[in-house]
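Please treat every number below as a calculation from the coordinates, not as lab data. Because the structure is predicted, anything quoted here is derived from the model rather than measured. Glycine also receives a Cβ, built like all others from the backbone with ideal geometry; neighbour counts cover every protein chain displayed.
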Amino acid sequence: MKKTVISAAILLATAGVAQAQMSIYGLIDASYGKSLLGDVFLREKADFHAGGDNGSSEGNSTTRIGIKGTTDLGSGVKANFRFETGGITSDGEVNPGGAFFNRQAWFGFSGGFGEVRLGRQDSVSFQTMIDYDFNGASNGVSALGYTLTGPWLPGRQSRSLQYISPTVGGVTAQLGIVPKGNRGAGAKSVFSGAVKYASGPLSVAVSVQTKDSSTSENFVSTAGSYDFGAAKVMLGYANGGKFADGGTGSGISTGFVAPIGSVNVGALVARNTDKNLKLTGVELFVNSEIYKNTYAYFEVGNWKTGLAVNPIDSSAKKSGSGFATGVIFAF
C-alpha cells in the first residue's frame, strides 16, 4: 500500500511538471581586458576573461545559467520560481568557494494583486534603480559601482520576502524584509521600499533600505532619467551613510546614452564626497546588437581617490584604469 501511495505521488508530481512552463536561460560574456579591480587592487595585466572571473568583476556582464518557471494555478494566480548560478569563470568553475545558485533562488506567486517572492534575490533598490545605469552596472568599469554611489548599490539578499505592486498610472511600488533571524549578534532586520514613476520619456524613483547590522548604515537613493530622443540622460544620488561608521559614503552620478544608428554611445560620471573616501569614477561605453541576442561592446573606465592612500585597501593603488572589449550572448 505504501509503495502504491508513493507511486501515485510521483505521477502527480510528474503531471505538475508537465503543466509548468519552464525554461533554461543564461548569458555568456567573453572579453579581453582588465577591470578596475584587476588594475587597482590586484595589479593584473590584461587577459581573456569570462564574465565570472575575479568574483564576476571582469567584462561587462556575469556569465551564468539559470532555470525559471511559472505554473497557472487558476483564478488568475501563478506560481513562479527562479534559480540562477553565480558567475562561471574561464576555468569552468561556478562561483568558486560560494553558493552554486548565488544570484537567484526564490519562489513566489503573482496575479492581479502584484507579485510576492521569497528567497535569494536582488535587493529592492537594485531592482528599482538598475535601469538608471545605462551600461548595466558593468562588472569591470562601473563608475557608479566602484565609487559606491550607485543608486542600485545594495546587493542580493537571502531569506528576502518581497512584494511588487501592479503598475497603476505609471507608478510601481516594491517592499522587502529580511528578518534578523539567526544571523548572529549585532544583526538587525532589514526593511526596504521603493517607488518608481515612469511615463513617456520621464522616469523617477526613490529607494530606502535600513541597516542590516549595528556596524552598518541605512541606505537612501533617488534617480531620474529623461529621453530626449537624440539622447537619454540620468541624474542620481545615493547616501549609504558615513564610511567611518560602516557606510558607503554619499555622492552624485550622472550620464547619458545616445543611439547613433544601431550603435549606442554613452558615458557615466560619479563622485563620492565622503571625506574618508573622495572617490571619482568615469566610464565610457559603446555597444551594438550585431546578431540576434548577440552584442558587441567596448568600455573603458578610470577610478581615483583624492586621499593620500587608497581608503579601501592601503596596499592598493590610488588610481587606475580598466577596459574590456567583448561579446555578450544571451539565451
Which one is right for this structure if Kirkwood radius over Cα pairs in Å is calculated from it: (i) 20.2; (ii) 21.3; (iii) 26.7? (ii)
Test of understanding: in a Gaussian network model of the chain with alpha carbons linked when under 10 Å, which of Phe101, Phe113, Phe256 would top the mean-square fluctuation ranking? Phe113
Helix 2-19 against the longest principal axis of the chain: what's the angle in degrees, Cα atoms only, rounded to the nearest 10? 50
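Hey, what did the stretch 21-330 get for relative contact order, percent, Cα under 8 Å, at least 6 apart? Present the calculation step by step, with values, prior to reporting the outcome.
Values: 910 pairs, mean separation 50.6, N = 310.
Normalised by residue count, the contact order of the stretch 21-330 is 16 percent.
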What residue among Glu93, Glu217, Glu84 shows peak mean-square fluctuation when the chain is described by a Gaussian network model with Cα springs under 10 Å? Glu93
Which of Lys211/Lys242; Lys211/Lys317; Lys278/Lys317; Lys45/Lys292 exceed 23 Å between C-alpha atoms? The answer is Lys211/Lys317; Lys45/Lys292
Give me Ile252, Ile28 ranked fewest to most by other Cβ atoms within 10 Å of their Cβ, as a rough exposure proxy. Ile252, Ile28
Residue (of Ser142, Ala267, Tyr163) at the positive-pole extreme of the chain, dipole from beta-carbon charges: Tyr163
Cα-centred dipole magnitude for the chain, charges only on beta-carbon of K, R (+1) and D, E (-1), debye, nearest 20: 860
Candidates Gly51, Gly136, Gly112; GNM for the chain (alpha-carbon contacts under 10 Å) flags as most fluctuating Gly112
If neighbour count is taken as other Cβ atoms inside 10 Å, put Ser319, Ser214 in order from fewest to most. Ser214, Ser319
Given points 7 Å out from each Cα along the Cα-Cβ axis, report the Val263 to Ser314 separation in nanometres with one decimal. 4.6
Ranking Ser314, Ser250, Ser165 by Cβ neighbours within 10 Å, fewest first, what do you get? Ser314, Ser165, Ser250
